[in-house]
Amino acid sequence: MAQQAGKKALKAYCYLQGERAVLGHLQLELLRKCVKYDKGFKVLERGKKLDKYYIISRCPNGLLGLVPSEYFDQDEAKEAIGLQRRLFKR
């Protein structure tokens, strides 16, 4: 959810800048778009790490033989939320 929240916020920022078709799901690619408008978005490594959670935490077949709740623990969830918060405090 942290990755998705960030993705939606980055897309909203792009729309605010006048873009009309903001496609994609990875924060890294969206951050690269945002950097064109504000160099403060140059914290790409944070978005890149959150993107690693995108598929395997949401899709039932993202982890063969497991479900996300068996793979991720509370520490990883807290880390993801912390990364997202720092991204927006830039």
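Overview of values
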| read-out | value |
| --- | --- |
| Reach of Lys48 by Cα under 20 Å, taken over aspartates and glutamates that are not fewer than 8 positions away in the same chain | Glu29, Asp38, Asp73, Asp75, Glu76, Glu79 |
| Rel. contact order, % - alpha carbon contacts under 8 angstrom, at least six apart, the chain | 30 |
| Per-residue HN-Hα couplings for the range 35-41 [Karplus 6.51, -1.76, 1.60; θ = phi - 60°; Hz; x = Gly/Pro] | 4, 4, 9, 8, 5, x, 7 |
| Gaussian network model of the chain, springs between alpha carbon atoms under 10 Å - residue of Leu50, Leu28, Leu63 with greatest fluctuation | Leu63 |
| 0 to 90° range, to nearest 10: angle between helix 74-89 axis and the chain longest Cα axis | 0 |
| Rg(Cα) / (2.2 N^0.38 Å) computed for the chain, rounded to two decimals | 1.14 |
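Throughout, read-outs are computed from the coordinates displayed, never taken from laboratory work. Note that the structure is predicted; figures quoted are calculated from it, not measured.
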